[in-house]
Amino acid sequence: YGLTSTAPASVVKRLTRGRQGLIPDTPKPGDPVFARVQNLIIGSSETAAAAAERKAQELGFNTLLLSTYVEGEAREVARVLAGLAKEVYFHHRPVARPACLVAGGETTVTVKGDGLGGRNQELALAAAIALEGLVDVTVLSAATDGSDGPTDAAGAIVDGSTVERGRARGLNPADYLARNDSYRFFQALEEQLVTGPTRTNVNDLYLALIF
């Protein structure tokens with residue numbers, strides 16, 4: 001990345017000394033310094049997804065927890081999630097309608113445009129395009145900390161009519177996706193998911209409801 005020519009000399013010096021073994025490395029598991037340390041995980045992507053699944057079951061949905069390790073390009077993950085939702089919608093598998101597909105993880109976005117957005121809003125927009133016309137399918141993509149990229153939105157909720165609503169306002173969903181401008185697309189529709197800071201972060205949560 002060429003950081004040695006742009007980083008402060010003091011930072012470069014410290015990193016170099018560390019690489020040379022002149023500065024103690026980070027303690028490893030089993031080091032005596034950890035003898036009286038105990039870590040207890042009270043929240044994770046798994047607990048968040050499991051809680052969402054339980055709530056969906058309480059509401060009468062047949063549920064399937066897909067994964068809590070979702071990774072990959074946001075728009076590609078959206079197509080996979082939309083494909084699974086279509087499978088349920090048209091063929092009633094791998095679960096019968098009404099269904100709720102649950103997943104957790106954290107995607108990435110390869111920015112090629114000059115727009116404003118975040119991985120969850122991008123995923124939601126791509127899902128909306130893939131699900132166009134299926135009004136009985138709803139998808140949520142949200143950051144559990146309430147902050148999706150450099151925006152004040154946690155993500156977005158879309159359905160099979162999102163694209164139609166956008167076009168009715170003169171918006172081209174595919175153009176907004178190409179420019180990585182999902183924030184402004186949902187802002188124009190007034191359909192952003194804004195929660196404010198939740199003061200916790202266990203990656204992102206994805207839900208697909210098929211009625």
Counting only residues in the range 120-169 that are assigned to a helix (DSSP H, G or I) and under 10 Å from the mean Cα position of the chain (by Cα), the one surrounded by the fewest Cβ atoms within 10 Å (Cβ to Cβ) is identified as ASN120
Pairs returned, first residue in the range 36-55 that is closer than 16 Å to THR144 by Cα and of a type in the set (Ser, Thr, Tyr), second residue that is modelled with pLDDT of 95 or more and loosely packed, with under 12 Cβ neighbours inside 10 Å, beta-carbon separation under 6 angstrom, 6 or more apart or interchain, are none
Of those in the range 112-144 that are of a type in the set (D, E, K, R) and in contact with a strand residue (DSSP E or B) (Cβ under 9 Å, 6 or more places away or on another chain), the residue nearest to TYR89 (Cα to Cα) is ASP136
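Residues checked against (1) of a type in the set (Val, Ile, Thr); (2) surrounded by fewer than 10 Cβ atoms within 10 Å (Cβ to Cβ); (3) on the phi < 0 side of the Ramachandran plot:
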residue	(1), (2), (3)
PRO29	no, yes, yes
ILE42	yes, yes, yes
TYR69	no, no, yes
VAL80	yes, no, yes
query = Among the residues of the range 28-44, is any modelled with pLDDT of 95 or more and closer than 20 Å to VAL139 by Cβ?
reply = no
Quick one: would you say VAL12 is in a helix (DSSP H, G or I), out of contact with any Asp or Glu (no Cβ under 7 Å at 6 or more places or on another chain) and among the hydrophobic types (A, V, I, L, M, F, W, C)? yes
Taking the range 103-137 and keeping only residues that are closer than 24 Å to LEU65 by Cβ and either polar (S, T, N, Q) or at pLDDT below 95 (or both), one is left with THR107, THR108, ASN120, GLN121
Taking the range 173-186 and the residues there that are assigned to a helix (DSSP H, G or I) and either among the charged types (D, E, K, R) or free of Cβ contacts under 8 Å to residues at least 24 places away in the same chain (or both), the one that is surrounded by the fewest Cβ atoms within 10 Å (Cβ to Cβ) would be ASP175
Would you check if there is a residue in the range 90-103 being surrounded by 14 or more Cβ atoms within 10 Å (Cβ to Cβ) and out of contact with any strand residue (DSSP E or B) (no Cβ under 6 Å at 6 or more places or on another chain)? yes
Of the conditions (1) touching a Gly at 6+ places or on another chain (Cβ under 8 Å); (2) under 21 Å from ALA128 (Cα atoms), the single one that GLU76 does not satisfy is (1)
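The values are calculated or read from the model by the stated rules, or taken from the named source; none is laboratory data. Bear in mind that the values here come from a model prediction, so they are computed numbers and not experimental data. Here Cβ is always computed from backbone atoms with ideal geometry, including for glycine, and neighbour counts include all displayed protein chains.
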